[in-house]
Amino acid sequence: MYLITGAHGQLGQSLHSLLGDRGLYVDRDVLDIGDAAQVESFLRQHRPECLINCAAYTAVDKAESDRDAAAQANAAGPANLAKVAGLLQIPLIHVSTDYVFDGTACRPYREDDVPCPQSVYGQTKLAGERAVLQYAETAAVVRTAWLYSVTGNNFVKTMRRLGRERDTIRVVADQVGTPTYAPDLAAALLSLVDLMKPGTREIYHYTNEGVCSWYDFAVAIMELSGLPCKAEPICSEEYPTSAQRPAYSVLDKSKIRSLLPQGIPYWRNSLKQCLQLLESNE
């Protein structure tokens, strides 16, 4: 039995779709990972064969003024899970983020590149990574980026809504990365479970294949949705935010690509799948 924390989120729901009744799905209403005593009691009671932690504080801008809450979910929570998982010898997969990097690189970031987060969100996520690698006996930290799916709030659904409401939208064109379709990431995480060797702790990078800016992503969403709304490129300075985003956060996936039997889909192909599902659900 797999234990999935953060089960109400996009990735948690994607894992639920793949695992079905092979998983135990919990969110904060059932298990508060920030509560060390509750974590120990829950894991000792259920003894999952693997734990996949999708729980996180993801309100990037709000985290700048809400550091304690972000740290509780992104740093203390993973530490609590890792300590008990280590004691009980439960393999732990922990999902992290491209925001652990400062975005100043000129090539895709590798797993062994030195992190330098520029936001509270990135700093707390990095602290969570380090706790997992320190305390868990068997662990995989998987960094991802620009996550979206048919559920929850995300860039794809926002762009589709705005594309129906407006003739033009302005989208940042100087932040470059790669979108990640949650079902693709979920499948990759489940493949990793079978590849984790007892006593090893690894970091992996996973996004869809390819590179684009947020502007490119928005243009593709409008085009593939058949919406006439025109996207106009702007600079980050024209769209100020509380938290600093990485200007370049493309992740090198060579390590995980060599392991995955299913390969990694190109971002536009996965976007098409998501849009087709969204349209069929409307």
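General observations
- Only one entry in Ala139, Ala145, Ala218 is open to solvent by less than 10 Å² (accessible area, probe 1.4 Å) and over 29 Å from Leu92 (Cα atoms), namely Ala218.
- Verdict on Arg143 being in a strand (DSSP E or B) and within 27 Å of Asp66 (Cα to Cα): yes
- Filter result (within 16 Å of the chain's Cα centre (by Cα), open to solvent by 40 Å² or more (accessible area, probe 1.4 Å) and charged (D, E, K, R)) within segment 44-102: none
- Residues that are of a type in the set (Ser, Thr, Tyr) and out of contact with any Lys or Arg (no Cβ under 7 Å at 6 or more places or on another chain), drawn from segment 208-235: Ser213, Tyr215
- Segments classed as helices (runs of 4 or more DSSP H), wholly inside segment 29-128, with at least 2 members that are charged (D, E, K, R): 36-46, 67-71
- Elements of type helices (runs of 4 or more DSSP H) contained in segment 198-282, each with 2 or more residues being over 27 Å from Gly122 (Cα atoms): 214-225, 267-281
Okay, residues lined up against (1) more than 19 Å from Leu147 (Cβ to Cβ); (2) of a type in the set (Lys, Arg):
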residue: Ile4; (1), (2): no, no
residue: Arg28; (1), (2): no, yes
residue: Ser41; (1), (2): yes, no
residue: Arg67; (1), (2): yes, yes
residue: Ala85; (1), (2): yes, no
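- Residues that are open to solvent by 10 Å² or more (accessible area, probe 1.4 Å), touching a residue at least 40 places away in the same chain (Cβ under 8 Å), out of contact with any Leu (no Cβ under 9 Å at 6 or more places or on another chain) and in a loop (DSSP other than H, G, I, E, B) do not occur anywhere in segment 176-195.
- Filter result for the condition that a residue is touching a residue at least 40 places away in the same chain (Cβ under 8 Å), within 21 Å of Ala82 (Cβ to Cβ), among the aliphatic types (A, V, I, L, M) and touching a Pro at 6+ places or on another chain (Cβ under 7 Å), over Val95, Val132: Val132
- Checked against the criterion of being under 30 Å from Ser191 (Cβ atoms) and touching a Cys at 6+ places or on another chain (Cβ under 7 Å), segment 123-130 contains not a single residue that satisfies it.
- Filter result for the condition that a residue is buried (at least 20 other Cβ atoms within 10 Å of the Cβ) and either among the hydroxyl-bearing types (Ser, Thr, Tyr) or touching a strand residue (DSSP E or B) at 6+ places or on another chain (Cβ under 8 Å) (or both), over Leu31, Leu19, Leu24: Leu31
The values are calculated or read from the model by the stated rules, or taken from the named source; none is laboratory data. As the structure is a prediction and not an experimental result, all values here were calculated from the model. Note that we place each Cβ from the backbone using ideal geometry, even for glycine, and neighbour counts take in every protein chain shown. To get the accessible areas, we keep the full protein, side chains included, count just its heavy atoms, and leave off ligands, DNA and RNA. Shrake-Rupley method; radii C 1.70, N 1.55, O 1.52, S 1.80 Å.
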